[in-house]
1. May I ask you to list the residues in the range 35-55 that are surrounded by fewer than 17 Cβ atoms within 10 Å (Cβ to Cβ) and not hydrophobic (A, V, I, L, M, F, W, C)?
2. Could you grab me the full set of residues in the range 26-53 that are touching a residue at least 12 places away in the same chain (Cβ under 8 Å) and small (Gly, Ala, Ser)?
3. Asp75 - would you say it is within 19 Å of Cys15 (Cβ to Cβ) and of a type outside the set (A, V, I, L, M, F, W, C)?
4. For the range 69-119, name all the residues that are in contact (Cβ under 8 Å) with a residue 60 or more places away in the chain and either over 19 Å from Phe135 (Cα atoms) or not assigned by TED's automatic domain parsing to the domain that holds Glu162 (or both).
5. What residue, among those in the range 91-122 that are part of a loop (DSSP other than H, G, I, E, B) and acidic (Asp, Glu), is surrounded by the fewest Cβ atoms within 10 Å (Cβ to Cβ)?
6. Can you go through Ser210, Ser268 and tell me which one is under 16 Å from Asp165 (Cα atoms) and buried (at least 18 other Cβ atoms within 10 Å of the Cβ)?
7. Name the pairs whose Cβ atoms lie under 7 Å apart, with the first residue in the range 141-167 and crowded, with 19+ Cβ neighbours inside 10 Å, the second modelled with pLDDT under 95, and 6 or more positions between them or separate chains?
Amino acid sequence: MITTRNRILDLRRTCRALQQLNPPPLEVLITMDGCTAGVVEAVKGELPEARLFVNAIDRGSVASRDRMMREARGDLVLALDDDSYPEQLDCIARIAQLFEQRPQLAVLHFPQRTDEYPETLAQTHFGSEHLTRSFANSGAVLRRSTYLQLPGFESRFFHMYEEPDYGLQCVAAGYDVLFSPVVTIRHHYSGQARNEIRIHRRHARNELWSTLMRCPFPFAIGIAAWRVLSQLRYACKRGWSWVIREPAWWWQAVAGIPCCLRKRRPVSWASYKRWLALP
């Protein structure tokens, strides 16, 4: 499953890579999220075999991925960005074997060779398999049957932080989130439509909302304060221009508190601590 917004060149490259996989995927799901009419028509013409979902108004990558998870026909769903794809042509067979061996595996994610970190482009060793508390939707496989048992991605997040929030849900329910170098992802990491301050604000806001929805009281109060201060420390490291704009996400977060409380499904404190302790 792939979400995209007007990055047709990146999407073309990714789809060309997916067409070479052997065995091929059961289906390719693409959400055109707030794309212009010309891009939508181009993708329809060039990728007639793909299942396309068109959001006339931008609903965000989180809601788009949640819909595709629920619409998918297969039980194993490979999440990609429009600028990322697996490097191994037999990746589907490798992935299926791991899930068959580990019935408690909910999410399998992989190392990425990415232009964001140029040193990874020539890297050959990415470490050993280990459990984690999060993953990146630019290169991860989710077990759909497990996803449907849990709240899943929180659509209100729009962009950012759905992965650690879902990782917490999995760990608390007794499922595994596993990093494995059995497959590597080539992530070209397009700079188009990326704004660092906006990304920071969304990440900080959604992190706080996740705390309010998942962390049990009274611990949620202390964890929420710690989250806010941690994000403020990060803004301080980036400079005064970031600090003076930090209150913008505070007001967004406060406005969403009633919704968070309505959706609140806290896990046990033991589960929350176990999740925090994971890398």
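1. Thr36, Gly38, Glu41, Lys44, Gly45, Glu46, Pro48, Glu49, Arg51
2. Narrowing the range 26-53 to residues touching a residue at least 12 places away in the same chain (Cβ under 8 Å): 26-36, 39-40, 42-43, 46-47, 49-53.
Once the filter is applied, which keeps residues that are touching a residue at least 12 places away in the same chain (Cβ under 8 Å) and small (Gly, Ala, Ser), the range 26-53 yields Gly34, Ala42, Ala50.
3. Values: within 19 Å of Cys15 (Cβ to Cβ): no; of a type outside the set (A, V, I, L, M, F, W, C): yes.
Considered against the rule, which asks whether it is within 19 Å of Cys15 (Cβ to Cβ) and of a type outside the set (A, V, I, L, M, F, W, C), Asp75 comes out as no.
4. Applying the first criterion (in contact (Cβ under 8 Å) with a residue 60 or more places away in the chain) to the range 69-119 yields 69-70, 72, 74-95, 98, 102, 104-116.
Scanning the range 69-119 gives Arg70, Ala72, Gly74, Gln88, Leu89, Asp90, Ala93.
5. So in the range 91-122, the residues part of a loop (DSSP other than H, G, I, E, B) come out as 102-104, 110-111, 115-117.
This time we only want the ones that are acidic (Asp, Glu), so: 115-116.
Working: Asp115: 14, Glu116: 11.
Per the stated criteria, the residue is Glu116.
6. Details: Ser268 fails: buried (at least 18 other Cβ atoms within 10 Å of the Cβ).
From the options Ser210, Ser268, the qualifying one is Ser210.
7. Listed by first residue and then by second, the contacts come to Met160/Ile199.
Results for (1) among the hydrophobic types (A, V, I, L, M, F, W, C); (2) closer than 26 Å to Arg198 by Cβ; (3) modelled with pLDDT under 95, shown as yes or no for each residue.
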| position | (1), (2), (3) |
| --- | --- |
| Ile30 | yes, yes, no |
| Val43 | yes, yes, yes |
| Val62 | yes, yes, no |
| Val77 | yes, no, no |
| Pro111 | no, no, no |
| Thr114 | no, yes, yes |
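The values are calculated or read from the model by the stated rules, or taken from the named source; none is laboratory data. Fair warning: this is a prediction, and the values are worked out from it, not measured in the lab. Positions of Cβ are generated from backbone atoms using ideal geometry, with glycine treated the same way; all protein chains shown enter the neighbour counts.
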